[in-house]
Amino acid sequence: MIDFDGRAVLVTGSSRGIGAAIATRLAGLGARVAVHYRTGRDAAGAVVSGLPGDGHVAVGADVADPAEVAGMVDRVVDAVGGIDVLVNNAGVYIRHPLDEVSYETWQVAWREVLATNLIGAANVTWCVARHMIGTGRAGRIVNVSSRGAFRGEPDHPAYGASKAALNSMGQSLAQHLAPHGITVTTVAPGFVETDMAAPLLAGPQGEAIRAQSPLGRVATADEIAGIVAFLASDDAVIATGAIVDANGASYLRT
C-alpha cells in the first residue's frame, strides 16, 4: 500500500478541481498537505478543513510572480516541516483563436498562460528542488500536463504550448535531479469532471466530448489523483522522466 505518512506535500492550484482531489488523496495516505491558492482563499480553507489527518495549511501566492513563489515555498517549509513532494498543478486556460482575437489579446494570452503554466511551475520547482537538495531529502515532483500538449489546442494554443514545454522541462529535470534522489514525472489528463469543466460537459458538446473515449466518459478528478499518488510514491522511482497519459484512450500517441 502506498504510504505518505510523515511526508510534507505542496500541491499548487489545489483550492478546487484536480488539485483539491490530489490534496485529499495524499492527505488520506498520511501526508501533511499545503493547499495552494491564488485568489480562492476561502475555497482553499474549505479544502484544508475537509482533509483527513492534521498539520495541513492553506498558502496563497501568484505563481506567475517569482517573489511570491519564493515566499510561498519558505512559508510551506516552515509550516509543514519541509517539502518532500511537489505537485505542479496550477494553471490557466485562456481562449484565443488566432483568427478571432486582436494582436494585443493574442500577446496577453500567451504572456499570462506561459507565466503561470510554464515559468511559474519552473520557479516553484527551482525553489522546492533547492530545498530538497539542501536538506538531502529524497524528493518527488509530479507535473500535471494535458493531452493538449500532444493533440494540439486550436482555440487555446498557448495552453497546448505551455503543457508541451512543461513535459520537456520535466524530462530534463528528471535527468538532472536523479543524482540528488529527486524524481520528476508527469501526468497528462484529457477532459476531467471538475466544476470548471461542468458547463461544457453538460452543454451541447458534452456527448461528443465523452464519445472521444472508447470508455464513453471523461476522467474523474479522483482518478487523476490516484495516478499522481502513485507517481509521487516510492513505488514509482524507476518511472522518473515518464509522462503518463490519462485520457481514456481519447488520444493515442506513438
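The values are calculated or read from the model by the stated rules, or taken from the named source; none is laboratory data. Every value quoted in this text rests on a predicted model; they were computed, and no experiment measured them. A quick note on method: Cβ atoms are made from the backbone with ideal geometry, for glycine too, and the neighbour counts reach across all protein chains shown.
Tabulated data
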{"read-out": "Region 122-174, residues that are among the aromatic types (Phe, Trp, Tyr) and surrounded by fewer than 23 Cβ atoms within 10 Å (Cβ to Cβ)", "value": "126, 150"}
{"read-out": "Single unsatisfied condition, residue 137 versus (1) modelled with pLDDT under 95; (2) of a type outside the set (Gly, Ala, Ser); (3) touching a helix residue (DSSP H, G or I) at 6+ places or on another chain (Cβ under 7 Å)", "value": "(3)"}
{"read-out": "Among the residues listed as 137, 75, the single one being in a loop (DSSP other than H, G, I, E, B) and basic (Lys, Arg)", "value": "137"}
{"read-out": "Residue list for region 25-65, filter: touching a Ser or Thr at 6+ places or on another chain (Cβ under 9 Å), in contact (Cβ under 8 Å) with a residue 60 or more places away in the chain and part of a helix (DSSP H, G or I)", "value": "none"}
{"read-out": "Failed criterion for residue 31 (all others in (1) under 16 Å from the mean Cα position of the chain (by Cα); (2) buried (at least 18 other Cβ atoms within 10 Å of the Cβ) hold)", "value": "(1)"}
{"read-out": "Qualifying residue in region 58-67 (condition: under 18 Å from residue 141 (Cβ atoms) and in contact with a strand residue (DSSP E or B) (Cβ under 7 Å, 6 or more places away or on another chain))", "value": "yes"}
{"read-out": "Count - residues of region 219-254 that are touching a helix residue (DSSP H, G or I) at 6+ places or on another chain (Cβ under 6 Å), assigned to a loop (DSSP other than H, G, I, E, B) and within 25 Å of residue 27 (Cα to Cα)", "value": "2"}
{"read-out": "Leading residue by the ranking (farthest from residue 38 (Cα to Cα)) among those in region 85-121 that are buried (at least 23 other Cβ atoms within 10 Å of the Cβ) and of a type in the set (Gly, Ala, Ser)", "value": "121"}
{"read-out": "Number of the exception - residue 73 against (1) out of contact with any Cys (no Cβ under 6 Å at 6 or more places or on another chain); (2) touching a residue at least 60 places away in the same chain (Cβ under 8 Å)", "value": "(1)"}
